[in-house]
Ligand code: SF4
């Protein structure tokens with residue numbers, strides 16, 4: 001997708017005015033938080049698992065080349081093929097070629113953030129191949145031509161009535177008067193439309209929650225069972241995965257999976273957990289005849305060993321989004337990028353360039369709730385602060401802030417001067433502050449024009465007087 | 001038996017110094033009641049958070065060194081703000097990590113820094129609050145936990161335990177109390193609409209808690225919330241927890257007019273706030 005993160009301010013203003021969005025966000029946020037809290041409470045060893053998971057990730061990233069090569073070896077040994085893709089363009093071209101090789105007209109897709117990152121749908125469509133989503137949320141936003149607004153709930157910004165309206169508009173084969181009030185009605189209708197497509201698709205595309213080096217397995221979670229259909233029915237299956245998804249062993253995968261579902265939806269485990277290991281074997285009754293895995297870098301290897309490496313620990317559970325006060329009132333689309341919320345505010349500038357996502361690192365109160373709930377203990381606030389360090393050095397964005405800080409620091413690092421000036425300023429302000437408030441910042445709208453400040457003596461001044469009075 | 005007297009350096013914080021000096025007076029009163037000899041080093045200004053959070057590592061380091069040097073002679077450093085206390089205690093050692101000798105000093109310094117209520121309740125185990133000239137009678141106070149205090153220093157029980165020592169005072173819990181009020185330092189100027197919305201949500205939740213007063217340990221959040229409440233004409237009165245604990249809670253609350261004269265600029269909001 002074309003990113004519009006630089007318009008975050010305008011986007012978020014629009015989002016705050018959007019009644020439907022605000023209703024949708026209010027309900028879902030609370031549901032997610034409550035479910036995660038309970039799931040965590042039910043698992044006494046949750047924090048131990050966190051330590052373990054972080055250690056697994058650290059180890060995997062330290063030996064990334066080794067484990068990726070091992071993964072390739074295992075996939076190949078089982079008759080699959082691994083394709084190394086440096087960036088989105090390479091990944092798109094590879095997918096298109098694989099589709100063309102089998103004369104594909106239609107591909108079915110399971111939900112995948114990487115597919116969004118490389119914008120594969122538009123590309124396939126432009127090349128005469130019809131991409132069909134199999135995840136309900138993805139299907140809904142595909143109908144509406146919208147990007148996902150949440151990493152695990154792509155259509156979370158919508159209310160049921162809006163989805164019903166979209167269905168009425170786009171599913172012209174159904175009678176107008178049909179009932180679409182309940183979630184069940186919507187699911188049934190979508191299923192009715194989607195199922196035949198599974199059967200006629202030539203290629204299935206999915207993402208990966210994890211890649212397991214020792215077995216060459218691709219781990220996929222879903223709650224709709226659609227992933228298995230995208231894998232089992234078409235003759236060719238293509239997995240698109242970013243390189244940091246690798247873990248050494250199946251038992252390592254298990255540690256992360258236990259954290260992932262609980263943090264994401266509050267489930268003990270997702271309803272469907274698939275381990276795709278190569279194409280259909282001679283003694284197997286289903287599965288694809290051809291099995292391809294694209295390993296996408298797209299900027300990630302640049303983050304290794306650097307101050308942002310920890311963001312590669314992210315397992316895309318969405319907990320940081322669900323607990324972020326800013327995301328909670330702006331929703332995901334305001335971030336103008338594939339990845340949203342706190343993890344998106346870190347990752348988007350790193351993948352797309354800070355100049356294309358300058359407002360995101362600043363769009364945080366640093367309340368720290370994201371890192372408190374992050375199962376991988378990613379120091380999101382610290383990473384955002386590191387991005388602000390870069391932002392401050394940049395021209396022209398950082399220049400005004402640098403000047404302001406410079407003036408303030410000049411005084412703040414000269415205490416005597418500072419206290420003198422503070423005293424003087426408050427004297428001058430006193431007559432205006434008697435009403436209890438001073439106007440600050442012409443840009444600060446709403447309450448900000450009346451920041452309550454008293455005016456009068458500073459504390460330091462009062463204290464000096466008290467000390468003087470005490471002296472004999 | 002009362003613990004032996006100790007020396008405490010008060011880190012006033014720039015906001016208290018400029019916007020609500022009364023909080024400083026209240027802190028001194030409480031610390032003295034807890035058997036501390038209080039000093040207020042003049043070589044302090046701001047903890048450096050505005051620089052730190054704007055990505056100015058140099059500026060933050062300069063202020064960190066200045067603050068550490070100013071407080072080297074005291075047993076404890078006490079701060080009437082969770083967010084500034086966290087800066088001194090947790091962030092200074094990170095900021096100065098690259099310089100071996102300053103890193104050592106920063107760690108030693110960090111170990112003696114405490115937020116005011118945590119210090120009174122946990123370190124000094126304060127038994128009796130100072131004499132109260134303030135209002136008597138039953139009151140219900142909603143307590144706002146500021147993010148840095150709550151998450152970086154784990155402060156939750158200390159202020160409540162202290163407040164409950166006041167006869168007839170009940171602490172009302174704000175629903176979803178761990179959610180940020182939207183202040184965020186420069187955030188509230190850079191994203192005023194989001195900030196205002198979060199403040200509004202917090203104010204509604206505080207009103208629903210059935211309290212007539214809102215207290216907290218961080219002046220930044222309190223100024224922000226008081227500004228919003230006044231703009232709305234709410235009756236909820238906002239005070240720093242130290243003012244209430246020290247019994248210095250008889251004058252105008254945060255954002256209320258100092259005298260009875262009309263409010264500059266927005267007369268009707270002022271009327272309502274006073275009514
Ligand atoms: S940053 Fe942490 S909380 Fe956010 S999506 Fe990634 S793993 Fe989950």
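The values are calculated or read from the model by the stated rules, or taken from the named source; none is laboratory data. Computed from a predicted model, the values in this text were never measured in an experiment. No Cβ is skipped: glycine too gets one built from the backbone with ideal geometry, and neighbour counts run over all protein chains shown.
With the condition kept exactly as written, say whether any residue in the stretch A:433-445 is modelled with pLDDT of 65 or more, assigned to a helix (DSSP H, G or I) and more than 7 Å from every other protein chain (Cβ to nearest Cβ).
Restricting attention to the stretch A:433-445, the residues satisfying the condition of being modelled with pLDDT of 65 or more are none.
No: the stretch A:433-445 contains no residue that is modelled with pLDDT of 65 or more, assigned to a helix (DSSP H, G or I) and more than 7 Å from every other protein chain (Cβ to nearest Cβ).
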- Query: Restricting to the stretch A:411-426, what's the tally of residues that are out of contact with any helix residue (DSSP H, G or I) (no Cβ under 6 Å at 6 or more places or on another chain), over 17 Å from residue B:16 (Cα atoms) and at the interface with chain B (Cβ under 8 Å from one of its Cβ atoms)?
  - Reply: 1
- Does residue A:259 fit the bill of being within 16 Å of the ligand (Cβ to nearest atom), modelled with pLDDT of 95 or more and within 27 Å of residue A:120 (Cα to Cα)? no
- Message: Of all residues being surrounded by fewer than 22 Cβ atoms within 10 Å (Cβ to Cβ) and facing another protein chain (nearest Cβ under 9 Å) in the stretch B:49-100, which is nearest to the chain's Cα centre (by Cα)? Just the residue, please.
- Response: B:50
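Determine if the stretch B:170-182 includes at least one residue that is in contact with a strand residue (DSSP E or B) (Cβ under 7 Å, 6 or more places away or on another chain) and outside any strand (DSSP E or B).
Taking the stretch B:170-182 and keeping what is in contact with a strand residue (DSSP E or B) (Cβ under 7 Å, 6 or more places away or on another chain), we get B:170-172, B:174, B:181.
Still in the list and also outside any strand (DSSP E or B): B:174, B:181.
Yes, that holds for at least one residue.
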- Any idea which of (1) under 23 Å from the mean Cα position of the chain (by Cα); (2) at pLDDT 90 or above; (3) more than 16 Å from the ligand (Cβ to nearest atom); (4) part of a helix (DSSP H, G or I) is the one residue A:162 doesn't satisfy? (1)
- Message: For the condition within 14 Å of the ligand (Cβ to nearest atom), at positive phi and modelled with pLDDT of 95 or more, what is the one hit in A:316, A:310?
- Response: A:316
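Got a number for residues in the stretch A:345-367 being more than 16 Å from the ligand (Cβ to nearest atom) and either assigned to a loop (DSSP other than H, G, I, E, B) or within 11 Å of chain B (Cβ to nearest Cβ) (or both)?
Kept after step one, since they are more than 16 Å from the ligand (Cβ to nearest atom), are these residues of the stretch A:345-367: A:352-359, A:362, A:365.
Right, trim to either assigned to a loop (DSSP other than H, G, I, E, B) or within 11 Å of chain B (Cβ to nearest Cβ) (or both) and you get A:353, A:357-359, A:362, A:365.
Going through the stretch A:345-367 one residue at a time, the tally reaches 6.
Check the stretch A:368-386 and report whether any residue there is more than 16 Å from the ligand (Cβ to nearest atom) and facing chain B (nearest Cβ under 10 Å).
Among the residues of the stretch A:368-386, not one is more than 16 Å from the ligand (Cβ to nearest atom) and facing chain B (nearest Cβ under 10 Å), which makes the answer no.
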- Item | Any hit, the stretch B:222-237, residues being out of contact with any helix residue (DSSP H, G or I) (no Cβ under 8 Å at 6 or more places or on another chain), surrounded by fewer than 24 Cβ atoms within 10 Å (Cβ to Cβ) and not in a strand (DSSP E or B) | no
